[in-house]
Amino acid sequence: MGRRSEGPSTTEVDMTPMIDIVFQLMTFFIFTLNFSEAEQDDRIQLPLSQLAKPVPGPVEKPITLQVTSTNSVIYAGELVPVVQIGGYLEREKASLVNAGRQPADATVIVRADGRAKTGEVQEVVKICQEKGFEKFALRAQYDERE
């Protein structure tokens, strides 16, 4: 005697373990994502330096200014002429004051292209100082050659 088929059979798959694994992977990648690299721009080629060392600890909410080789600054993904960066820093200062912090407490990270003029980098730092910012971190790429 053969088996009778009453129609197509349906199989239900329990998706709970699959969903658990997906959430665990998402959590892992969220915690391991390095947000400091999010402020980097590929248009900036940092100069090589044997003296460049990583910052000892994380900088809390830095202001990143990236000086290009064409006398402009990349701020928040926007290309701004050096002479106009003061207005952007003034807004940054106002938001710090509204948050109960002082501009002197904030750290300004300056990432300058290796082909940028030294005078332009100095001008950016001078404008920052005029707006009340006092802490600076200059970025360079570590050169392993001796």
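The values are calculated or read from the model by the stated rules, or taken from the named source; none is laboratory data. In this text the structure is predicted, and so the values were computed from the model without any measurement. We place every Cβ from the backbone using ideal geometry, glycine too, and count neighbours over all the protein chains shown.
Things to note:
- Elements of type strands (runs of 3 or more DSSP E) contained in region 24-117, each with 2 or more residues being within 19 Å of Leu138 (Cβ to Cβ) and at pLDDT 80 or above: 63-67, 72-75, 107-112
- Enumeration of residues in region 118-146 that are acidic (Asp, Glu) and modelled with pLDDT of 85 or more: Glu120, Glu123, Glu130, Glu134
- Scan region 92-124 for residues that are free of Cβ contacts under 8 Å to residues at least 40 places away in the same chain, under 19 Å from the mean Cα position of the chain (by Cα) and closer than 19 Å to Gln66 by Cβ and the total you get is 1.
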